[in-house]
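A short write-up of the structure that comes next.
The values are calculated or read from the model by the stated rules, or taken from the named source; none is laboratory data. Just so we're clear, the structure is a prediction, and the values are computed from it rather than from any experiment. With ideal geometry, Cβ positions are generated from the backbone for all residues, glycine too; neighbour counts draw on all protein chains shown. When the accessible area is computed, the model is the full protein with side chains, heavy atoms only, and any ligands, DNA or RNA have been set aside. Shrake-Rupley method; radii C 1.70, N 1.55, O 1.52, S 1.80 Å.
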Amino acid sequence: MIEGVEVTIDREAVVVAAREPLTILSSAFVRGGFTTARAIVNLHVRKNIPEAETDGILPRFTERRGIQGPWVGLLTSAWTEKATFAEVSASGLTALAVTTVGLSNRIAAGQTPVAAWEPSTINTIIVVDAAPEAAALVNAVMTVTEVKASLLASTDLRCDDGRVASGTSTDSVVVAATGRGPRCRFGGPISDFGWVVARAAHDALEVGIRRWMEEHP
């Protein structure tokens with residue numbers, strides 16, 4: 001594990017808590033974008049919850065659990081107790097990934113039409129013990145997305161209309177950095193920073209995708 005970072009996985013949520021603030025870029029449901037936070041929360045919700053009912057659900061959970069803020073929050077109808085975890089170290093960098101995988105609302109980006117919001121999702125949280133520049137964080141989010149799409153293509157997972165799925169309609173990515181260690185300018189898949197991000201994401205997502213497909217033949 002990365003020093004000062006703790007991951008808790010249970011039936012209610014996946015919580016990544018840090019002793020010191022993390023620099024984060026994410027598409028999180030609450031406090032997405034560039035920010036700093038002490039915790040990342042991926043909360044389980046029922047599959048058919050209307051978007052209007054999601055307001056306040058994350059703050060109530062964090063208050064009840066005593067999670068120290070500031071935090072960023074995600075929602076998923078995937079079973080959080082089945083979250084998958086991976087950790088990779090190389091070139092003096094360490095990345096951990098924790099993912100939840102739900103594939104019921106599969107889409108092909110750029111081809112599937114606009115549809116109602118659903119909280120199924122592939123949510124991917126990455127924490128890296130490094131000091132990336134802002135552009136490297138953007139690049140790393142792209143890298144994680146490439147890993148996800150590549151894994152889905154390799155399984156030949158299809159949308160309801162037969163197209164190869166690139167993800168689900170509400171996938172989220174969080175890339176967080178401790179700010180310690182070497183400065184990293186790049187986050188692409190063959191950079192030092194991007195490689196550990198990609199490998200950790202690959203190892204965690206591969207297990208989660210395979211498990212979901214085995215459970216939903």
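Here the simple spin-label model places points 7 Å from the Cα toward Cβ, and for Ala52 and Glu12 these points are separated by 2.7 nm. Contact order for region 143-217, expressed relative to its length and based on alpha carbon pairs under 8 Å spaced 6+ residues apart, stands at 35 percent.
Rounded to the nearest 5, the antiparallel percentage of DSSP beta bridges internal to region 98-183 is 50%. Residues whose amide H lies under 5 Å from that of Ser166, counting only those 5 or more places away or on a different chain, are Ile107, Ala108, Ala109; hydrogens are built 1.01 Å from N in the peptide plane.
Can you give the charge dipole size of region 1-79 about its Cα centre, rounded to the nearest 20 debye, using +1 on the beta carbon of Lys and Arg and -1 on the beta carbon of Asp and Glu? Kindly include the intermediate steps, with their values, before the conclusion.
On the way: 9 positive and 9 negative charges, 22 e Å.
For this selection, approximately 100 debye.
What size of dipole, in debye to the nearest 20, comes out for region 58-176 about its Cα centre when the only charges are +1 on Lys and Arg C-beta atoms and -1 on Asp and Glu C-beta atoms?
Charge dipole of region 58-176: 260 debye, to the nearest 20.
Counting only protein heavy atoms and a probe of 1.4 Å, the accessible surface of the chain is 52% carbon and sulfur. Counted over the chain, the DSSP beta bridges are approximately 75% antiparallel.
Hydropathy first: keep DSSP H helices in the chain averaging at least 0.5 on Kyte-Doolittle, then drop any whose Cα extent along the axis falls short of 24 Å, and list what survives.
On the way: long enough: 134-155 (33 Å, 1.20); 192-215 (35 Å, -0.17).
Passing helices, by number: 134-155.
As an equivalent ellipsoid, the chain spans semi-axes of 25, 21, 15 angstrom, where each value is the square root of five times an eigenvalue of the C-alpha gyration tensor, largest first. Karplus-derived 3J(HN,Hα) values for region 73-86, using 6.51 cos²θ - 1.76 cosθ + 1.60 with θ = phi - 60°, are x, 10, 10, 8, 9, 5, 6, 5, 5, 9, 4, 10, 10, 8 Hz; glycine and proline are entered as x.
For an R0 of 35 angstrom, estimate the FRET efficiency from the Cβ-Cβ distance between Met142 and Met1 and round to the nearest 0.05. Walk me through the numbers before you get to the answer.
Working: r = 26 Å, r/R0 = 0.74.
Efficiency at R0 = 35 Å is approximately 0.85.
For the pair region 59-110 / region 139-217, the C-alpha centres are spaced 12 Å from each other. Under a 5 Å amide H cut-off, with hydrogens placed 1.01 Å from N, Ser172 pairs with Ile122, Asn123, Thr124 among residues at least 5 apart or on other chains. Across region 59-183, the relative contact order, built from alpha-carbon pairs under 8 Å that are at least six residues apart, equals 29 percent.
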